[in-house]
C-alpha cells in the first residue's frame, strides 16, 4: 500500500495558498474601493439685500419769520434822556391806528395820534411834534421830534400793566404806566401851565383836587384826550 502523507501535505499547502489568495484579493478589493462620497457641502446662500425704495425725508418747515406788520394790539415804551431828565414815550397801537404820549414827569408833555400802515406808523401832535417808526422784532424803531429836539429810540413791547391813562378835559392829567409798574405823568391846567401828575394807583384811580377819580385807559383806537 502506498503512503498518503505527501499527498495530504500537498493538499493542505494548496488549500492554505488558496485561502491566502482569497484573503489578499478581499483586502485588495476593499483597498481599491472608492471612499464613500463625502457629504456634499451645503452652500449657504448669502441673503441678497433687497432693494428698498425709500422716500426722501421731507425737509423741516422753515421757521416762521416775524410778521412784517404791527400786531393788532401793542404797547411800546421807551425812556429817553433829555436836559430836563428822562423823557418817557408810550405808544399804544390798535389795528391801523395808534396814539402816543410823551412826558418828563414835570412840565413837558404831548399827545400824538396817527395811522399804522403795515410795519410803519406816523403820528403827529401839537407844536410840530411827531413820532415816526417801524416795527421790527417786537419793538418800534423810530424818531420822536418835539419843538427843536429829536430822539432816536427803540421802544420795546411791554405787557400789562403797561398802558396810557388820562383824566379830565379842562384840567387834564395824563400818565404812562410801564411794565414794572412805574408811572410818569404830567397835569395840564386850564391856563396851560403844567406840573407833575398826582400818583396813579394800580387800579387806575388818582386823587385830583382832593377827590378820588377813575382815570380812563387810552388805547390806540381812542382820540387824543
Quiz item: What are the residues in region 134-159 that are without any contact (Cβ under 8 Å) to a residue 24 or more places away in the chain and surrounded by 13 or more Cβ atoms within 10 Å (Cβ to Cβ), if any?
Solution: 134, 141, 142, 145
Exercise. Give the number of residues within region 79-105 that are at pLDDT 95 or above and closer than 26 Å to residue 199 by Cβ.
Key: 15
Self-check item: Search result, residues across region 182-216 that are farther than 19 Å from residue 104 by Cβ and either assigned to a strand (DSSP E or B) or under 37 Å from the mean Cα position of the chain (by Cα) (or both)
Solution: 201, 202, 203, 204, 205, 207, 208, 211, 212, 213, 214, 216
Exercise. Would you mind stating whether residue 164 is in a strand (DSSP E or B), surrounded by 17 or more Cβ atoms within 10 Å (Cβ to Cβ), at pLDDT 95 or above and out of contact with any helix residue (DSSP H, G or I) (no Cβ under 6 Å at 6 or more places or on another chain)?
Key: yes
Quiz prompt | Leading residue by the ranking (farthest from the chain's Cα centre (by Cα)) among those in region 117-141 that are part of a strand (DSSP E or B) and under 16 Å from residue 73 (Cβ atoms) | solution = 121
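The values are calculated or read from the model by the stated rules, or taken from the named source; none is laboratory data. Quick caveat, the model's predicted, so the values are computed rather than measured. Here Cβ is always computed from backbone atoms with ideal geometry, including for glycine, and neighbour counts include all displayed protein chains.
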